[in-house]
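Read through the structure below, which is laid out as structure tokens, and then see the notes.
The values are calculated or read from the model by the stated rules, or taken from the named source; none is laboratory data. Please read these numbers as outputs of a predicted model, since none were measured by experiment. Here the Cβ positions follow ideal geometry from the backbone for every residue, glycine too, while neighbour counts run over all protein chains shown. Quick note on the areas: whole protein, heavy atoms, side chains included, nothing else; ligands and nucleic acids left out. Shrake-Rupley method; radii C 1.70, N 1.55, O 1.52, S 1.80 Å.
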Number of protein chains: 2
Amino acid sequence: MNYPFLQSEMKAEIALRFEKVRAEMATAGIDALLVASSTNQFYLSACVFRGYILVTPDRDPVWFMVPPSYAPEDTLNAATIHKPEMIPGWMLEKGYPVPVKVGLEFDDLLYSEITRLKALFPESEIVDGSKPLRAARMIKTDYEIEKMREDGMHQARSYSKVAACFQSGMTDLELQIEVERVLRLEGCLGYLRAAGSRMELNLGSVISGENADAPSPYDFAMGGAGVDPSLPVGADGTTIKPGTTVMLDMNGGFNGYQSDMTRTWYLESVSELARKAHECSRSILRELERIAIPGTPISNLYNRAVEMAEAEGLSELFMGHRSKAKFIGHGIGIELNEQPVVMARNHQPLQKNMTIALEPKFVIPHVGAVGVENTYRVTDHGLENLTVFPEELQEL
Amino acid sequence: MNYPFLQSEMKAEIALRFEKVRAEMATAGIDALLVASSTNQFYLSACVFRGYILVTPDRDPVWFMVPPSYAPEDTLNAATIHKPEMIPGWMLEKGYPVPVKVGLEFDDLLYSEITRLKALFPESEIVDGSKPLRAARMIKTDYEIEKMREDGMHQARSYSKVAACFQSGMTDLELQIEVERVLRLEGCLGYLRAAGSRMELNLGSVISGENADAPSPYDFAMGGAGVDPSLPVGADGTTIKPGTTVMLDMNGGFNGYQSDMTRTWYLESVSELARKAHECSRSILRELERIAIPGTPISNLYNRAVEMAEAEGLSELFMGHRSKAKFIGHGIGIELNEQPVVMARNHQPLQKNMTIALEPKFVIPHVGAVGVENTYRVTDHGLENLTVFPEELQEL
């Protein structure tokens, strides 16, 4: 088994992440954080294994490995266990004090999983450990940004082949399937890691024509009816018609991190209203790229986007028509939906090296969705785009 | 929005499922079950929506819809709410007694989600609602079995194109990508619904050669190193070599239900040991198809499979080599991993219309994995195969 956290070239990077997590633990008064979710395992180890990571303020982190994952013999601070109930005994034996406040991942693990882990620490107060981990993950390291830049490059290369995937008479779903193949051949892992229960999706969202105005029960910015009531989102299987748009928002996960990028195509022709709304989306992105510097309240981005749509008389179509999303962007990294959420009530200041996907989109009834989404890094001088690819409405 | 539970042709089917759930609630003494997970929503509504379903012993079930999902105006027993905190007030207004024992989905929802829902019922005892729902789902209705038969047919049609997908010099991953496309064009939804945290996968598992002996931290029967440490399972990206096998265990979800089917191919030639183990897998299936009748303890299936592998001198290779799975099959339906688990310590009797995937597999060092997996229905006379497709080792 391959454990990147043991490789010398990753050690400084992993140590940096632990420092960030420890700082958040200190703020929350947590003196033991037990990490079990694959998302946070990957953050702290650069791999997914079967087991747990124990983070404490003063000692080296400990990897508890459950077979078939195992701890290489020469690994300091790793232990093989057969069940998490062996952790307290190990801690006692190594002279750890009983923790006062234990953090467990309330937002990442099932109720039954947390209940089992809680019982390991009967004398401790148990608090939410998801928040400090999310807060640490919100600000990316240079290494993480490089990974996301790599994702953006692969995603752009895939998107450059979309028009070649199209054949006259195709349905939205048939086009999606060909683009999925292109993405997979480009190295897309084909798995969407997302937080929470309301993000079910296959390899992406392709919406065209009327289907753009079909609301979905999921927490995505755009809807779509889907092709089956068990997965009501995205492509609905209808033929792509002349005069309609096709918006592609496909999976950008190639290396454990993700980029999120949307571009819009049209077949044969497209209405002036759709063109105008698409250009408004681009203008909003240009404006947000400029004003989004460290210290800017995140709500300013949302409010400015809403203002600009309004100034163009496009409010009714902004972020949906029959049903509207209440955000225009979201943090992104290992998970598609990380902190911060770019919405009106998030007054948190932007920080350097946050990575956010901004997706000011419009739904034009009878035409389809238009707009652009890019994944950005916050720099001292505004946003750096990690998903560089032409933004114009493109003909299929 | 499309609500199948309102369609007259689905009403009897949905009513039947509620009866099954109510019977399990009665056994567990639960007088109010609040369902929120998409899996159980789909079971009780044949669709996924944003909201909750309230099941009580005596009254009609109630659908609480959260926008953009909505309750059609003429729907009896449906209500639009904006947050779950509105449910207790609604119940009070309609004259519901305060429930004594409330079931919530401990095994399906995040800790934070259950914590929020628990607070709605401060005067009630809160117990696990996942178990009664799983128990009800374990025995399929005729309608559900028909859906799974449909899945098996689509999956078989896809598998019939595997050899045509192969080109000399391909990697396991390249072959997988072409098969994914075939599956998607056949109607595969491209989304794996599975229970628990240890089932991350893209559209399937393709393992070939040495990679069959690489353990994975996930709860799948077979391993594989994967191509990235963020998703360590399945294809590892190496070229398929003459003399090795390629085992395909791809996604069989076409309609909200799933079938699970594995077949094995080889390139140019394959060792006698691999042929023998493959035939042993088939013999095990034939034997289990015969002995698996209602009343048979499930552990008998496991033990008989282990015995037969042993009688052929293949114990060391059965269900893995360096790392071994401790089950040879599992229930399947809406989720890939349902009840019952076919393992030594499950002495539960088989029941008619359980649906189980049986996968007696072998790992042959330096050659790859061999064996067959079928999805079956338990009938009075043994198992009915829902995944009818040639089982022989096939040449690529």
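Table for the structure above
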quantity	calculated
Residue under evaluation B:S269, criteria (1) under 29 Å from B:E210 (Cβ atoms); (2) open to solvent by 20 Å² or more (accessible area, probe 1.4 Å); (3) not in a loop (DSSP other than H, G, I, E, B), criterion not met	(3)
Index of the failed condition, B:V48 passing every other in (1) within 24 Å of A:S112 (Cβ to Cβ); (2) β-branched (V, I, T); (3) in contact (Cβ under 8 Å) with a residue 40 or more places away in the chain; (4) in a loop (DSSP other than H, G, I, E, B)	(3)
Filter pass, A:V162 being within 30 Å of B:D128 (Cα to Cα) and surrounded by 15 or more Cβ atoms within 10 Å (Cβ to Cβ)	no
Unmet requirement for A:T239, which otherwise passes all of (1) of a type in the set (V, I, T); (2) over 22 Å from A:Y191 (Cα atoms); (3) out of contact with any strand residue (DSSP E or B) (no Cβ under 8 Å at 6 or more places or on another chain)	(3)
Residue count, segment A:237-252 (criterion: more than 10 Å from chain B (Cβ to nearest Cβ) and assigned to a loop (DSSP other than H, G, I, E, B))	7
Looking only at segment A:371-396, and only at residues there that are in a strand (DSSP E or B) and more than 21 Å from the chain's Cα centre (by Cα), the one that is surrounded by the most Cβ atoms within 10 Å (Cβ to Cβ)	A:Q394
Breaking point among (1) within 12 Å of chain B (Cβ to nearest Cβ); (2) crowded, with 21+ Cβ neighbours inside 10 Å; (3) in contact with a Phe, Trp or Tyr (Cβ under 6 Å, 6 or more places away or on another chain); (4) not hydroxyl-bearing (S, T, Y), for A:M148	(1)
Test: residue in segment A:269-279 that is among the β-branched types (V, I, T), within 14 Å of chain B (Cβ to nearest Cβ), on the phi < 0 side of the Ramachandran plot and touching a residue at least 40 places away in the same chain (Cβ under 8 Å)	no
Flag if B:E178 is open to solvent by 20 Å² or more (accessible area, probe 1.4 Å), of a type in the set (D, E), touching a Gly at 6+ places or on another chain (Cβ under 9 Å) and modelled with pLDDT of 95 or more	no
Identity of the residue in segment B:330-359, part of a loop (DSSP other than H, G, I, E, B) and of a type in the set (A, V, I, L, M, F, W, C), that ends up nearest to B:Y143 (Cα to Cα)	B:I334
Residue among B:A79, B:A12 that is over 19 Å from B:L110 (Cβ atoms) and in a helix (DSSP H, G or I)	B:A12
Identity of the residue in segment B:216-236, open to solvent by 30 Å² or more (accessible area, probe 1.4 Å) and not hydrophobic (A, V, I, L, M, F, W, C), that ends up nearest to the other protein chains (Cβ to nearest Cβ)	B:P229
Hits in segment A:18-45 - residues which are assigned to a helix (DSSP H, G or I), away from chain B (no Cβ under 12 Å) and either on the phi > 0 side of the Ramachandran plot or touching a Leu at 6+ places or on another chain (Cβ under 6 Å) (or both)	A:M25
Members of segment A:261-305 found to be under 21 Å from the mean Cα position of the chain (by Cα), of a type outside the set (G, A, S) and under 23 Å from A:L336 (Cβ atoms), listed by number	A:M261, A:T262, A:R263, A:T264, A:L285, A:L288, A:E289, A:I298, A:L301, A:Y302
Tally, over segment B:108-123, of residues that are open to solvent by less than 20 Å² (accessible area, probe 1.4 Å) and more than 7 Å from chain A (Cβ to nearest Cβ)	3
Condition met for A:P67 (touching a Lys or Arg at 6+ places or on another chain (Cβ under 9 Å), outside any helix (DSSP H, G or I), open to solvent by 20 Å² or more (accessible area, probe 1.4 Å) and within 14 Å of chain B (Cβ to nearest Cβ))	yes
